[in-house]
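Participant: Sharing a structure with you now.
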Amino acid sequence: MSLVTIEQLTKSYGEKVLFADISFTLEERQRIGLIGVNGTGKSSLLKAIAGVEPADSGKITHAKDFRVEYLVQDPEFDEGVTVLDHLFRGNSPLIRTMREYEEALLELELDPANEKKQAKLFAAQQKMDTQHAWEAEALAKAILNKLGVGEYKKEVAHLSGGQRKRVALAAALIQPADLLILDEPTNHIDNQTVEWLEGELSRYRGALLLVTHDRYFLDRVTNRILELDHGKLYSYDGNYSVFLDKKAEREEQEASSEAKRQNLLRRELEWLKRGAKARTTKQKARIQRVEELRDRKTAGPEEGIDFSVAASRLGRKVLELDHAGITLGGRKLFEGFNHIFLPGERIGIVGPNGSGKSTLLNMLAGRVIPESGAVDTGQTVKLAFYTQENEELEGSKRVIEYIKDAAEIIHTADGEAITAGQMLERFLFPGPLQWTFISRLSGGEKRRLYLLKTLMGEPNVLLLDEPTNDLDIQTLTVLEDYLDGFPGTVVSVSHDRYFLDRTVDRLFIFDGNGHIRKFEGNYTEYMDALKAEEAAAEKDSLSVNSPRNNVGSSAAGANDTPATNRGKEPVRKLSYKEQKEWEQIEGVIAALEEKSAHLKQQLAEHAADYDKVRDLYEEEQRVDAELEQAMDRWAELSALVEEIAGKKSTF
């Protein structure tokens, strides 16, 4: 069944046509990924469908009671709004009930003796009971916790940019909607959270339309791909892998059609050169046909990027970390860390947000001085640092002028000179766009331009801090190909699993508790190693519990068990149901504690009203019983989680 029908939609930005006369439908339960080069109009199309920004022409139709939830790339918040305020915005009955309860609870906290506010909270609690909203509220808080936002009553304005994005993402996930639209949802969240989000979206009941540069995410979440390319929209049934196959077929067909067009044009031109003498109607028609063939534009297949760039000479000494350590805000990020970086080494840095990954890059770049230990930089190092922060680009400059400020030319490994214009072409800035003022570029195009400038100085050491944020897939492919030919050392902080698999051969893994572990291999190899360790632990558990290993078993049976397996504690993985329960149980406990405290207060205030006291006491007993059960279950799950974590730490 169709949820939304888009007909003949057109949108321009100034003189640039983003898309023209595109038509498609969105069906129930579809999982659609929208891709295209930055600046082609992906975000504009999302805004038009969400009703945020109108298209120039065309028609969008949907059911009258249709509900859409839209997560923008850079969410904005009203002044003074708290995390919970934003989380419980919206007008669905369930959301209104949860919002009324949180507002009543906050009002009573500010004025505990106010009987009207006590009655308001009691009424809100009863409404929460009637609509079974406690579970939904616990789930909402569990989602916030999973996204790393634990201060529910803090004003959003006081959070970091990454935390603000995660608050907006949590709000989008809990709002009831027929269509959920997500613009770059994987930006600013770490690898493990991205994998958790994949699971959440796989269970999402509505339809999904998203823009993301994360190719593994696209592959695992979507079942249809829409591609915006040169103003046209192409639709492919299937995930990202299927899209790549079908796009290759389409481009082969277009290339064949272009070859036929060129042959026909050649024959027509030869006929015209022979020159028929009569200026007949037929002659004029033929001339017009040749002109149409000549002027017809075809996108054709994308040109491959294949170049090996030169870099400044790099000696044997690159960078050395000698027992380096640093503390931020009273929290130890890491200490005693040693590493000798080698020429040509490819290192990826992963770990939770706020664990110190960017700080380590800033230390290597000389922007942060270690509190303990030292950083030693080789004399021949020519370092380039691509940071998460946007460089202020002078809007009055043209694209080509900005790049020429960095370098007029760079050289390939075999000595060939590549001009600034040619490098712009290779980084998806065609001729006409090179003379565009920077102020007219999209946010993604500006990030791509800043990336190219970083590379233009022919560095021999590259530090890349989240290079995949705000870059489209085509640009990431260009960057990955560039790094394939780059002869120097590369250190990348990234949450993009595909990028890490393509570009690194060693990992630094921050655990968020001040420790950094080294792993030889890429991200998928690391995850495979973790899974193998978990499987081995589970096998050990089964071996320990088998009858052959119990006390009293035969001597032969005991000798059959490897010595390394004997005496180990039984360990198993959390089941899917247990994992979901563990993620939500703290929120459930918090909600029950709040309700129990309020009931006790109500009992004290209405001690003279026997009937009310009886009802309140029965309710209190029921809530306290539920709370005790939840606490017991939390203790069981907590012990199991600690047991599994202890087993993993031996890896």
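The values are calculated or read from the model by the stated rules, or taken from the named source; none is laboratory data. No experiment lies behind these values; they were computed from the predicted model shown. When we count neighbours, we look across all protein chains shown, and the Cβ atoms used for this are built from the backbone with ideal geometry, even at glycine. Only protein heavy atoms, including side chains, enter the accessible area calculation; ligands, DNA and RNA are left aside. Shrake-Rupley method; radii C 1.70, N 1.55, O 1.52, S 1.80 Å.
Participant: Report residue 56's accessible area, 1.4 Å probe, all protein chains in place, as a number in Å² to the nearest 10.
Facilitator: Surface open to solvent at residue 56 totals about 90 Å².
Participant: Further, regarding this structure: Roughly speaking, what is the stretch gain from residue 260 to residue 76, that is 0.36 nm per residue apart minus the C-alpha to C-alpha distance, in nm to one decimal? Write down the numbers at each step before the final one.
Facilitator: Details: separation 184, 0.36 × 184 = 66.24 nm, distance 5.12 nm.
So the chain would gain 61.1 nm between residue 260 and residue 76.
Participant: If I ignore ligands, DNA and RNA and count only protein heavy atoms, how much of residue 246 is accessible to a 1.4 Å probe, in Å² to the nearest 10?
Facilitator: Residue 246 exposes around 80 Å² with every protein chain in place.
Participant: Please sort by residue number the GluC sites (Glu not before Pro) in segment 103-140 whose DSSP state is loop and whose Cβ has at most 15 other Cβ atoms within 10 Å. Walk me through the numbers before you get to the answer.
Facilitator: Working: sites: 103, 107, 109, 115, 135, 137; in loops: none.
Loop-located and lightly packed - none at all.
Participant: Direction-averaged shadow area of the convex hull around the Cα atoms of segment 470-533, nm²? Mind showing how you got there, number by number?
Facilitator: Working: hull surface 21.6 nm².
Average of the hull's projected areas for segment 470-533 equals 5.4 nm².
Participant: Suppose each label sits 7 Å from its Cα in the direction of the beta carbon; what would the residue 605-residue 637 distance come out to in nanometres?
Facilitator: 3.2
Participant: Are there any GluC sites (Glu not before Pro) in segment 391-432 that are in a DSSP loop and have at most 15 other Cβ atoms within 10 Å? List them by number. It would help to have the intermediate numbers written out before the result.
Facilitator: Values: sites: 391, 392, 394, 401, 408, 416, 425; in loops: 391, 392, 394, 408, 416.
Here the GluC sites (Glu not before Pro) that fit, given the DSSP loop and packing criteria, are 391, 392, 394, 408, 416.
Participant: Same structure again: Is segment 27-76 rounded, prolate or oblate when judged by the Cα gyration tensor, a ≥ b ≥ c being the square roots of its eigenvalues, rounded requiring a/c under 1.5 and prolate requiring a/b larger than b/c? Please list the in-between numbers first.
Facilitator: On the way: a/c = 1.43, a/b = 1.31, b/c = 1.09.
Since a/c stays below 1.5, the shape of segment 27-76 is classed as rounded.
Participant: For the pairs 59/260; 146/539; 16/382; 332/539; 232/531, flag any whose C-alpha to C-alpha distance is greater than 32 Å.
Facilitator: Over 32 Å apart, Cα to Cα: 59/260; 16/382; 332/539; 232/531.
Participant: Report the Rg/Rh value for segment 54-184, based on alpha-carbon coordinates and the Kirkwood definition of Rh. Walk me through the numbers before you get to the answer.
Facilitator: Numbers: Rg = 16.6 Å, Rh = 16.2 Å.
Ratio value, two decimals: 1.02.
Participant: Under a point spin-label approximation (7 Å from Cα along Cα-to-Cβ), what is the residue 132-residue 528 distance to one decimal in nm?
Facilitator: Spacing of the two 7 Å Cα→Cβ label points: 4.4 nm.
Participant: Please work out the Kirkwood hydrodynamic radius for segment 54-100, using every pair of different C-alpha atoms, and report it in angstroms with one decimal place.
Facilitator: With all distinct Cα pairs of segment 54-100 included, I get 13.7 Å.
Participant: Given the protein chains as shown and a 1.4 Å probe, how many square angstrom of residue 363 are accessible, to the nearest 10?
Facilitator: We get 0 Å² for residue 363.
Participant: A further question follows. If you line up the Cα atoms of segment 115-185 on their principal axes, what length do they span on each, largest first, in Å?
Facilitator: Extents along the principal axes, in whole Å: 44, 31, 17.
Participant: Expressed in whole Å with the largest first, what are the equivalent ellipsoid semi-axes of segment 311-404 derived from the C-alpha gyration tensor as the square root of 5 times each eigenvalue? It would help to have the intermediate numbers written out before the result.
Facilitator: Values: eigenvalues 152, 82, 25 Å².
Semi-axes, largest first: 28, 20, 11 Å.
Participant: Averaged across orientations, what area in nm² does the convex hull of the alpha carbons in segment 139-249 project? The partial results should precede the final answer.
Facilitator: Values: hull surface 32.5 nm².
That works out to 8.1 nm², a quarter of the Cα hull's surface.
Participant: While we're here: Kindly provide the chymotrypsin sites (Phe, Trp or Tyr not before Pro) of segment 148-248 that DSSP labels as loop, not H, G, I, E or B, and whose Cβ sees at most 15 other Cβ atoms within 10 Å. Walk me through the numbers before you get to the answer.
Facilitator: On the way: sites: 152, 196, 204, 216, 217, 234, 236, 240, 243; in loops: 152, 204.
For chymotrypsin sites (Phe, Trp or Tyr not before Pro) across segment 148-248 that sit outside H, G, I, E and B with at most 15 neighbouring Cβ atoms in 10 Å, the list reads 204.
Participant: Okay, next question. Across bins of 5 angstrom width beginning at 0, how are the C-alpha pair distances of segment 105-149 distributed, in whole percent?
Facilitator: Per 5 Å bin, starting at zero, the Cα-Cα P(r) for segment 105-149 comes out as 5, 22, 17, 17, 19, 14, 5, 1 percent.
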